[in-house]
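Have a look at the structure below before the remarks.
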Amino acid sequence: MASGMILPIGEISSYHTKWTIKARVTAKGQLRTFSKGSSSGKVFSVDLLDKEGGEIRASFFNDAVDKFETTLQIGNCYVFSRGNVKIANRQFNPCNHRYEITFDRDAIVAPSADDAEIKAFQFNFTDMRTLQRKTLPAKVDLCGVVTSFQPVLSFTSKDGKDLQKREITVTDDTATSVVVTLWGDRAKTEDAKFDGKPILAIKGVLVKEWNGGRSGSLLQDGAVVFGPEGPEVQRIQKWWSEGGSSQNIEAMSISGGGGTGARRDLKEGTLADMRGVVESMPEKPEHYNVVTRLSTVQTRKQGEVQPLTYMACTNPREGTALFCNRRVDESGYCQGCGRNGNPAPRLNIRCRFVDFGDSAWLTTFHEAAEKVVGLTGEQVKGMEAEAPPGAGDDRKIDECLKSRYYMSQPFQITVRAKTESYNGEVRTQISCVDAKPVQRREHGRKLLGEIHTMLGAAVAA
């Protein structure tokens, strides 16, 4: 095929045996090795995009790796020919094409002048509601508002590598959010870029089940685009500005490294059910999901102001990316880590929750507490610092907390009850380990189901 006879990527199929395409490399995977029987090999992949908007995955094997791995660079244009076309493996191939290409020793790849008609990225966005139903693991492109973000965390991996990560929460117009982890230089993007609830387009997010929910991780060959353009962006921006920012958001990801996750022993119940478990002194920890409302936060004890925050160590636990979270002294030293703990404020509060038949005081730690009171640890710490000595009920923090009491929006809290021995006395400790707003539609369906079950039992009797 002559160099002028360029086939659009969208027309590539197994019926074309000779073809030439001109495309931009929009993503490039890491070189990896593999074994198959007694032989071994190596491979890397690139995503290719042409001016018609066609996108396809191409993989280079063995001799083709030696010839082209250093030649092919993200953002550059090339002409490709002499590749083999096969049906795409949808589990590992995010490109919106039925086929994919493999290149071996016969491949021809030649650099081409940059073509302004070929875009830098082609996004195939998956909305959050669809993502909830996808078979995992799944590689997707996402578009949404950054509703929150965490500071950069530096830690050492099990194999001794120094790593940096940052978690951001992305929400779209399905009123659903997911946490996406950024790595390396992307994680170190300045905080100001994430301030102000910007809209991002994120290409190449690997979504897996984590801690009982779904969380994403941006792959090395992925990309983050601030201030993207397109109809999806306009739709999400309009939703956010016309009331989406005040909607109740369903969280697809569950925070907290020690959360309940997809526990098989997680039960649905009431505060009365939970109280019965506590009185039975269970041998193993018991977990309940309970629909409640916040009644009170303990801000005073015996007339004295009760601190709601403490300064915690944010060094990673050994062998993990989880925070230490132990209390540090006034100098920032952590006894557990034996070094300065890069302290950050953490919430540790006593909350009184109520449901239709009972109430209970529960210790509520940082992640769950932030969701319940609608404030971050930094915000609470700041308001505590603003309170004058001997301040009464006029403290700003007290007013903010009161506005959350008996809200029309109930919470589904996850309660853990476990037996501990303290000074020779065995007792059951109960705490709130997670919280999220109740999804009224789903909760309503569940209640209707229970009513139908009770009516059926009454008729049968």
I'd like to check something: does segment 413-425 contain any residue that is surrounded by fewer than 21 Cβ atoms within 10 Å (Cβ to Cβ) and at pLDDT 90 or above?
no
Restricted to segment 327-343 and to residues being buried (at least 17 other Cβ atoms within 10 Å of the Cβ) and in contact with a strand residue (DSSP E or B) (Cβ under 6 Å, 6 or more places away or on another chain), the residue nearest to LYS436 (Cα to Cα) is PRO343
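For (1) in contact with an Asp or Glu (Cβ under 6 Å, 6 or more places away or on another chain); (2) at pLDDT 95 or above; (3) at positive phi, each residue gets a yes or a no:
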| site | (1), (2), (3) |
| --- | --- |
| ASP47 | no, no, no |
| GLU52 | no, no, no |
| ARG57 | yes, no, no |
| CYS77 | yes, yes, no |
| ASN89 | no, no, no |
What do you reckon, is LYS42 part of a strand (DSSP E or B) and among the basic types (Lys, Arg)?
yes
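Table: residues versus (1) assigned by TED's automatic domain parsing to the domain that holds PHE68; (2) in a helix (DSSP H, G or I); (3) without any contact (Cβ under 8 Å) to a residue 60 or more places away in the chain.
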{"position": "LYS86", "(1), (2), (3)": "yes, no, no"}
{"position": "ASN93", "(1), (2), (3)": "yes, no, yes"}
{"position": "ASN96", "(1), (2), (3)": "yes, no, yes"}
{"position": "GLU117", "(1), (2), (3)": "no, no, no"}
{"position": "CYS143", "(1), (2), (3)": "no, no, no"}
{"position": "PRO151", "(1), (2), (3)": "no, no, no"}
Identify all residues within segment 77-108 that are closer than 17 Å to ILE6 by Cα and within 38 Å of the chain's Cα centre (by Cα); write none if there are none.
CYS77, TYR78, VAL79, PHE80, GLY83, ASN84, VAL85, ILE101
Members of segment 26-46 that are out of contact with any Ser or Thr (no Cβ under 6 Å at 6 or more places or on another chain), surrounded by fewer than 19 Cβ atoms within 10 Å (Cβ to Cβ) and either touching a residue at least 12 places away in the same chain (Cβ under 8 Å) or among the charged types (D, E, K, R) (or both):
LYS28, GLN30, LEU31, ARG32, LYS36, GLY41
Give just the number: which of (1) on the phi > 0 side of the Ramachandran plot; (2) in contact with a Gly (Cβ under 9 Å, 6 or more places away or on another chain) does LYS197 not satisfy?
(2)
What number of residues in segment 222-239 are crowded, with 20+ Cβ neighbours inside 10 Å and assigned to a strand (DSSP E or B)?
1
Name the residue that is modelled with the lowest pLDDT, counting only residues in segment 426-449 that are closer than 16 Å to TYR288 by Cβ and assigned to a helix (DSSP H, G or I).
HIS443
I'm trying to understand the selection: among the residues of segment 1-25, which are surrounded by fewer than 17 Cβ atoms within 10 Å (Cβ to Cβ), among the hydroxyl-bearing types (Ser, Thr, Tyr) and touching a residue at least 60 places away in the same chain (Cβ under 8 Å)?
SER3, SER13, SER14
Within the group ARG395, ARG352, ARG327, ARG346, which residue is modelled with pLDDT under 85 and among the basic types (Lys, Arg)?
ARG395
Residue in segment 47-80 that is farthest from LYS203 (Cα to Cα), counting only those that are of a type in the set (Gly, Ala, Ser) and surrounded by 19 or more Cβ atoms within 10 Å (Cβ to Cβ):
ALA64
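The values are calculated or read from the model by the stated rules, or taken from the named source; none is laboratory data. Predicted model only: the values in this text are computed from it and were never measured. As a convention, Cβ positions derive from the backbone with ideal geometry for all residues, glycine included, and neighbour counts pool all protein chains shown.
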